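Data block below; observations after.
The values are calculated or read from the model by the stated rules, or taken from the named source; none is laboratory data. Just so it is clear, the structure is predicted and the values come from calculations on it, not from any experiment. When we count neighbours, we look across all protein chains shown, and the Cβ atoms used for this are built from the backbone with ideal geometry, even at glycine. Accessible surface is based on the protein model in full, side chains and every heavy atom, while ligands, DNA and RNA are left aside. Shrake-Rupley method; radii C 1.70, N 1.55, O 1.52, S 1.80 Å.
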Amino acid sequence: MTEVDAFLVNCRLADGRLVDIGISGGKIAVLGQGAAALSNSAPALDIGGDLALPGLVDGHMHLDKTLTGLPWMGHAAGSTRMSRIETDKTILPHLPLSTEERAGNLIRECVARGTTHLRTHVDIDLESGLAKLEGVLAARERYRDRVTVQIVAFPQSGVVRCPGVLDLLDAAVRNGADLVGGIDPLEIDRDPRGQLDGIFAIAARHGVGLDIHLHEPGEMGLFSVQEICARTKALGLGGKVTISHGFCLGGVTERKAAEAAEMMAAAGVSLVTHGAGGLIMPPIEMLRAAGVLVFAGNDDIRDTWSPYGTGDLLERAAIIGWKGDFRRDPQVELAFDLISTAGAQALGISDYGVTIGAAANLFTIAASCVAEAVAAHPPRMLPMSFVRPTKNSSRTSAMPTAETRS
Ligand SMILES: [Zn+2]
């Protein structure tokens, strides 16, 4: 008989089965109906038939921008993307809490709501150098036993229009960032070849993936999708490249969107979405049917870009489902997949799920099924995490900061 450290008894699984879950050494060792009674005398906690779901995966965040833990601050930026980019530079350096403290505050909020894995973008620009990366790395280290954190070195202010940023992105990857970012190569840089060739070269040189913010609308965005797919294919980076947002996919004709989906699936380029307010959402069901890996994240959470949110991924799934007009249970379950299994696949998390052998990263919730958990998103009852640190999180930091760079 398998030795078990503790049992959760009477757990409802996503497939409806009522089981006992035995945890041993941070892994799910036993899973079955009445399993606790047949096993050793390990302590048992009766879950009372509530749902047990796997730890959630936030595929797109900005830990360095959050205002979590500070007194309420009204939104200060203007209505354009460029005004938000510039406002970040005037507000973030002068906050009474450091990047590490604010990022840590948000990580705790996310973990309390069942998140066990996340990918965050961190601003890399000429003004702040690698300082924000350093803060997020410190927060990642502090919470390394609660949540895994993938870091994207994000050139928010642009690449070609800010000479020197490519060197900073390269330094960011050498100092702990897991992926290279990018942003609107046409709209921000007005030089798609310059930006994309630059960031893909860094990714290829270090053997890391890319996650590129693409807000560009319509045909302009479609052009960038094509350029990203072409480089992904040429460099053999399939499965390691993500387009964040991809609003253009929802703003072109169905035929053109379908062609783009086919191209993304063939190149191994995934899409992360968050159901943005005021913007067209990409056609999630069509993209998935075409074979594109689509996952989701909260994006901005109570930060300099948006006052909304708490880090609750079930609420995020509900927003995406509401915006996508997902009404039937299989559609709502699809919204859940975006913040769980699909996200785990995109982030390369192998020991995922409420299944024997997986890490015991799970939570319980007073809901009868996945669709109800998403639609009502009641409080998480028992968030547990037994995560293993990501490959870079144990690196010691020895990087120049904005203060030390000349
Ligand atoms: Zn973002």
Could you order peptides 4-17, 307-320 by the average number of other Cβ atoms within 10 Å of their residues, highest first? 307-320, 4-17
May I ask for the distance between the Cα centers of the stretch 186-203 and the stretch 46-71, given as a whole number of Å? 33
What does the convex hull of the Cα atoms of the chain come to per residue, in Å³, rounded to a whole number? 135
Ordering of 74-85, 103-114 by packing [mean C-beta count within 10 Å, highest first]: 103-114, 74-85
Averaging the inverse of every distinct alpha carbon separation and then flipping it gives the Kirkwood radius. What is it for the stretch 142-271, in angstrom units? 14.8
For the stretch 237-334, radius of gyration divided by Kirkwood radius, i.e. Rg to Rh on alpha-carbons: 0.97
Surface per residue (accessible, 1.4 Å probe) for the chain, Å²: 40
The chain, relative contact order [Cα under 8 Å, separation at least 6], %: 21
The summed charge of the GLU227 Cβ neighbourhood (under 10 Å; Lys/Arg +1, Asp/Glu -1) stands at +1
Cα axis of helix 99-112 to longest principal axis of the chain: angle in degrees, 0 to 90, nearest 10? 30
Non-local amide H neighbours of VAL252 (under 5 Å, H modeled in plane, Pro and chain starts lacking H): which ones? none
Most packed first (mean Cβ within 10 Å per residue), the peptides 270-278, 65-73 order as 270-278, 65-73
Assigning unit charges at the beta carbon (Lys, Arg +1; Asp, Glu -1) and nothing else, what dipole magnitude in debye, to the nearest 20, does the chain show about its Cα centre? 380
Helix 131-142 sits off the longest principal axis of the Cα atoms of the chain, rounded to the nearest 10 on a 0 to 90 degree scale, by 10
Net charge near LEU8 (other residues with Cβ under 10 Å of its Cβ; Lys, Arg +1; Asp, Glu -1) is -3
With +1 on the Cβ of every Lys and Arg and -1 on the Cβ of every Asp and Glu, the dipole magnitude of the stretch 142-183 about its Cα centre, in debye rounded to the nearest 20, is 160
How big is D, in µm² s⁻¹, for the stretch 23-182 by Stokes-Einstein at 37 °C and 0.692 mPa s if Rh is the Kirkwood radius over C-alpha pairs? 182
Here, ILE91 and ARG174, labelled 7 Å along Cα→Cβ, have an inter-label distance in nm of 3.4
How much mean residue ellipticity at 222 nm does the chain get from its helices, if each DSSP H run of length 4 or more adds -39500 (n - 2.57) and you divide by all residues, to the nearest 500 deg cm²/dmol? -10000 deg cm²/dmol
Tally Lys/Arg at +1 and Asp/Glu at -1 over every other residue whose Cβ is under 10 Å from the Cβ of GLN331; what's the total? -2
